[in-house]
Amino acid sequence: MEKLKQAMILRNPQALSSKYIPRRLPHRDAQLRQLSIFFPGVEKSSAFFKSVQLIGSVGTGKTSTALLFAKNLEKGFETARIIYVNLKMLGDPSPWTVYTSILGQVSGRASRSLSAGEVFEKILDEFVKKKTTSFLFIVDEADELTSSRSLRGGRVVYNLTRLPEFGVENVLGVVFIARNEEWSRGLAPEEQSTLGSLIVRFPRYTLPQLVDILLYRASEAFSDQSALPDTVAEHVAKITIDLFEGDVRKALDILLYASLIADSEHSEKVTFSHVSRALAQILGRSSLDADIVKTLKQLERVVLAATLEILKNRESSYTTEREVIENVQALCERLQLPEPRIEEIEAALQRLHDLGILRISGPLRIYAEVVPIDDVRSLILK
């Protein structure tokens with residue numbers, strides 16, 4: 001029993017959740033510093049209202065940075081309070097649902113009989129009553145304010161960015177989180193003006209940065225950090241950049257899934273094999289469909305079989321174009337098939353990519369969208 005307990009990798013699996021806010025965020029110190037400059041504290045001398053935008057692609061740490069900053073602000077100042085609204089979580093957002101969400105966090109639920117404007121007036125009244133508390137708004141998924149299924153801005157941006165003009169003196173400001181800097185173009189001119197140009201940008205994570213993040217999260221999640229070898233962390237990071245545009249949430253999902261598989265097998269560390277199996281589940285890979293195989297030309301079948309054979313016999317989730325070419329040549333010799341030209345192999349690879357059977361990320365990384373098979377010959381001869 002003790003031996004099994006020692007083999008368990010995950011001590012705190014929550015630390016690998018994309019919803020988890022760690023004590024620090026590697027490679028987001030600069031963005032946290034910018035927020036600290038905009039919102040240095042809650043004292044009257046520094047608490048004049050500001051509207052700030054956090055802009056960056058999916059999975060670049062915008063929400064985590066905002067929430068970590070908010071958490072530290074509340075910890076540092078007892079009178080500080082954060083109001084967080086995620087527009088996507090509101091379902092079909094409208095001014096009424098946005099305002100009732102805010103009111104619910106300040107005092108209580110609003111009556112359905114009230115209009116959006118009346119709910120907003122109640123919010124103003126509550127702020128006046130709670131004048132000893134300093135509030136900071138965080139509006140996540142702000143793109144929803146101007147998208148085709150959106151509020152079209154309504155008066156939400158206008159009202160939230162002009163709270164001081166309504167007599168509210170205890171709101172530090174509003175932080176809008178958006179994926180695209182273009183989001184504000186759908187707002188009315190007066191809303192764009194009052195939104196301002198205080199922007200904190202979040203670039204995509206690089207490969208070394210993703211490795212750092214994974215190793216740091218592993219230090220919080222694993223019983224022993226050596227359970228995640230550096231080479232495996234780099235492997236997950238490469239997959240994330242190739243297949244998920246560097247989305248750190250996907251990197252954490254892959255690592256969590258792989259860790260759960262490793263734990264189920266009482267392994268002492270996460271391996272390439274665990275990552276490959278986790279990735280297969282996340283991508284929804286399935287066995288080859290017989291109807292699809294029938295549509296493939298013989299060389300395409302050979303190329304696919306050669307790729308799957310490589311992946312089946314190694315601890316990796318991808319292979320290279322050079323390895324595929326060499327294995328195709330070896331396979332053709334073994335099965336006494338005519339040896340194709342390299343250009344023909346490359347064309348077959350491209351077609352398999354176009355069909356969604358393989359996924360090519362340059363010549364150095366080729367992934368399979370289907371699970372490797374045992375009988376390579378049967379694939380070719382179908």
(message) Can you give me the % of accessible surface on segment 206-286 that is carbon or sulfur? Probe 1.4 Å, all protein chains present, nothing else counted.
(response) 49 percent
(message) What FRET efficiency comes out for residue 155 versus residue 245 if R0 is 35 angstrom and r is the Cβ-Cβ distance? Round to the nearest 0.05.
(response) 0.50
(message) About the Cα centre, and with charges only on the beta carbon of Lys, Arg (+1) and Asp, Glu (-1), how big is the dipole of the chain? Nearest 20 debye, please.
(response) 1000 debye
(message) Which of the three applies to segment 59-142, rounded, prolate or oblate, going by the alpha-carbon gyration tensor with a ≥ b ≥ c and a/c under 1.5 meaning rounded?
(response) oblate
(request) Label segment 243-287 by shape, choosing from rounded, prolate and oblate, from the square roots a ≥ b ≥ c of the eigenvalues of the Cα gyration tensor; if a/c is under 1.5 it is rounded, and otherwise prolate applies when a/b is larger than b/c, oblate when it is not. (result) oblate
(request) Rounded to the nearest 0.05, what FRET efficiency do residue 204 and residue 21 give with R0 = 22 Å and r taken as the Cβ-Cβ distance? Could you check? (result) 0.60
(message) 7 Å from Cα along Cα→Cβ at both residue 343 and residue 192: what's the point-to-point distance in nm?
(response) 5.0 nm
(request) Using the structure shown, list the pairs from 62/312; 71/130; 250/297; 19/131; 62/122 with a Cα-Cα distance above 28 Å, or answer none. (result) 62/312; 250/297; 19/131; 62/122
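For the chain, what does the equivalent ellipsoid look like in terms of its semi-axes, each the square root of 5 times an eigenvalue of the Cα gyration tensor, given largest first in whole Å?
Over the Cα atoms of the chain, the ellipsoid semi-axes are 51, 25, 17 Å.
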(message) Test of understanding: what is the full-extension gain from residue 109 to residue 185, defined as 0.36 nm times their sequence separation minus their Cα-Cα distance?
(response) 24.1 nm
(request) Calculate for the chain the 222 nm mean residue ellipticity that helices alone would give, adding -39,500 (n - 2.57) per DSSP H run of length 4 or more and normalising by residue count, nearest 500 deg cm²/dmol. (result) -14500 deg cm²/dmol
(request) Using +1 at the Cβ of each Lys and Arg and -1 at the Cβ of each Asp and Glu in the chain, identify which of 10, 52, 77 lies farthest towards the dipole's positive end. (result) 77
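The values are calculated or read from the model by the stated rules, or taken from the named source; none is laboratory data. Every value quoted in this text rests on a predicted model; they were computed, and no experiment measured them. FYI the Cβ positions are ideal-geometry reconstructions off the backbone, even for glycines, and counts take in every protein chain you see. Protein only, heavy atoms only, side chains kept; ligands, DNA and RNA dropped before computing areas. Shrake-Rupley method; radii C 1.70, N 1.55, O 1.52, S 1.80 Å.
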